[in-house]
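Chemist: Submitted below is the structure of interest, expressed as structure tokens.
The numbers here are math on the coordinates, done by the rules we state, and not lab data. Everything numeric in this text was worked out from a predicted model, so none of it was measured. Because the Cβ atoms are built from the backbone with ideal geometry, glycine has one as well, and the counts that use them run over all protein chains shown.
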Amino acid sequence: MAAIETTPTTLRITLTPAEKVLGLLRDLEVPLAAVRSAEVVPDGLDALRGLRAPGLGLPTRRIGTWRRRGTKTLVSVRRGPAVRLELTGQRFDTALVTVDDAASVVAAVGR
């Protein structure tokens with residue numbers, strides 16, 4: 001399962017080796033100032049919008065890049081609460097990640 005860590009200046013999403021291979025992704029590190037908003041979504045799979053390109057899409061797990069008109073989303077979700085991060089000026093416009101304690105991640109980001 002992916003992990004989200006914050007420092008006073010950066011936010012880092014660390015993926016497992018399996019997530020990197022299956023989703024054709026790599027870890028993401030962005031300045032904390034690039035995070036426009038952070039919210040907890042009740043179900044990561046239901047919150048996902050767009051088309052997979054590239055990545056893994058199973059009924060219970062989604063990993064990869066999802067695209068919609070004008071947006072690109074880093075995705076690593078399963079059923080249950082997830083964190084949605086809206087980013088500005090980065091490789092991805094949004095990150096949607098299931099983590100163990102989504103509420104504490106949103107509180108740490110403070111947006």
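Chemist: In terms of modelled amide H atoms, which long-range or inter-chain residues lie less than 5 Å from the amide H of VAL99?
Modeler: Under 5 Å from the amide H of VAL99 lie the amide H atoms of VAL83, each far enough along the sequence or on another chain.
Chemist: Of the listed peptides 92-104, 75-87, what is their order by residue-averaged count of other C-beta atoms within 10 Å, with the highest listed first? Walk me through the numbers before you get to the answer.
Modeler: Working: 92-104: 18.5, 75-87: 21.5.
Those peptides, ordered most packed to least, come out 75-87, 92-104.
Chemist: Let me ask you something else. Provide the per-residue ³J(HN,Hα) series for the stretch 77-93, in order, calculated from phi with Karplus coefficients 6.51, -1.76, 1.60 and θ = phi - 60°, each as a whole number of Hz, with x at glycine and proline positions.
Modeler: 10, 9, 4, x, x, 9, 10, 10, 10, 8, 10, 10, x, 10, 4, 10, 7
Chemist: [x] 26, 19, 11; [y] 19, 15, 13; [z] 76, 17, 5: which one is semi-axes √(5λ) of the Cα gyration tensor in Å as calculated from this entry?
Modeler: Among [x] 26, 19, 11; [y] 19, 15, 13; [z] 76, 17, 5, the one calculated here is [y].
Chemist: Measuring from label point to label point, each 7 Å out along Cα→Cβ, what is the GLU29 to THR9 span in nm?
Modeler: 1.1 nm
Chemist: Applying the Karplus parametrisation 6.51 cos²θ - 1.76 cosθ + 1.60 with θ = phi - 60° to the phi angles of the stretch 36-49, what ³J(HN,Hα) value in whole Hz is obtained for each residue in order, glycine and proline being reported as x?
Modeler: Here the 3J(HN,Hα) series is 6, 7, 9, 8, 8, 9, x, 9, x, 5, 6, 7, 6, 10 Hz.
Chemist: Let me spell out the model: positive unit charges on the Cβ of Lys and Arg, negative unit charges on the Cβ of Asp and Glu, origin at the Cα centre of the stretch 3-109. What dipole size does that give, in debye rounded to 20?
Modeler: For the stretch 3-109, the charge dipole is close to 580 debye.
Chemist: Before rounding to the nearest 500, sum -39500 (n - 2.57) across all DSSP H runs of length at least 4 in the chain and divide by the residue total; then give [θ] at 222 nm in deg cm²/dmol.
Modeler: Details: 3 runs with 19 residues, N = 111.
One gets -4000 deg cm²/dmol as the mean residue ellipticity at 222 nm.
Chemist: Tally Lys and Arg at +1 and Asp and Glu at -1 over the other residues with C-beta under 10 Å from the C-beta of ARG78: what net charge comes out? Numbers along the way, then the final one.
Modeler: Values: positive: ARG61, ARG62, ARG79; negative: ASP43.
Residues near ARG78 contribute +2 overall.
Chemist: May I pose another question? May I ask you to compute the full-extension gain from ARG69 to MET1, defined as 0.36 nm times their residue separation minus their alpha-carbon distance, rounded to one decimal in nm?
Modeler: Working: separation 68, 0.36 × 68 = 24.48 nm, distance 2.79 nm.
Gain in length upon complete extension: 21.7 nm.
Chemist: For the chain, set up a Gaussian network in which alpha carbons nearer than 10 Å are linked by springs, and say which option among ARG26, ARG61, ARG69 fluctuates the most.
Modeler: ARG69
Chemist: A follow-up question, please. For a quick check: with amide H placed at 1.01 Å from N, whose amide H comes under 5 Å from ARG36's, ignoring anything fewer than 5 positions away on the same chain?
Modeler: GLU86, LEU87, THR88
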